[in-house]
1. Given the Cα-Cα distance of LYS41 and THR84 and 0.36 nm per residue of separation, how much length would full extension add, in nm?
2. Give the peptides 1-10, 42-51 in descending order of average Cβ contacts within 10 Å, highest first.
3. To check you understand DSSP bridge types, tell me what percent of the beta bridges within the stretch 1-62 (both residues inside) are antiparallel, rounded to 5.
Amino acid sequence: MRLMAFDYGTKRIGIAVSDPLQIIATALDTVHPEKVWDFLKSYLETEQIETFVVGQPLQTDGTASESAQHVVGFIRRLKRTYPTIPVAEVDERFTSKIASAAIAQSGIKKHKKRDKGLIDTISATLILQTYMDTQKY
């Protein structure tokens with residue numbers, strides 16, 4: 001079964017999934033928060049998810065950021081909508097900066113580098129890879 005990660009934002013949600021063996025995290029899509037529930041319903045009709053992984057927005061000192069309340073609401077609805085799928089939380093500090101740096105070094109064309117949706121899906125991929133790396137040991 002796959003894992004699915006979310007980089008939650010009030011304008012966009014970056015989504016990543018693992019392969020069925022949970023070895024590789026791959027960027028899946030970016031969706032508007034209002035459309036994420038339809039997206040999930042459709043995705044779950046063909047794929048099984050073992051765990052949802054949600055990036056927890058923290059300040060550099062480890063305290064909750066301003067956007068943390070939105071993530072709490074998202075997690076609450078995930079748990080209510082899909083009660084059989086556990087939700088794990090992962091510190092997402094610096095994932096957007098790491099994603100931006102990776103894009104800058106990737107050779108992607110300049111206009112694509114500014115695509116915030118791309119940053120969000122790569123951030124979700126980093127969140128998922130972090131989670132998978134911590135589960136292996």
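Every number in this text was worked out from the coordinates using simple rules, so none of it is lab data. Worth saying up front: this structure is predicted, and the values here are computed from it rather than measured. Note that each Cβ is placed from the backbone with ideal geometry, even for glycine, and that neighbours are counted across all protein chains shown.
1. 14.1 nm
2. Values: 1-10: 22.4, 42-51: 12.3.
Taking the mean over residues of other Cβ atoms within 10 Å, the ranking is 1-10, 42-51.
3. Details: 10 of 15 bridges.
Counting only bridges with both partners in the stretch 1-62, antiparallel ones make up about 65 percent.
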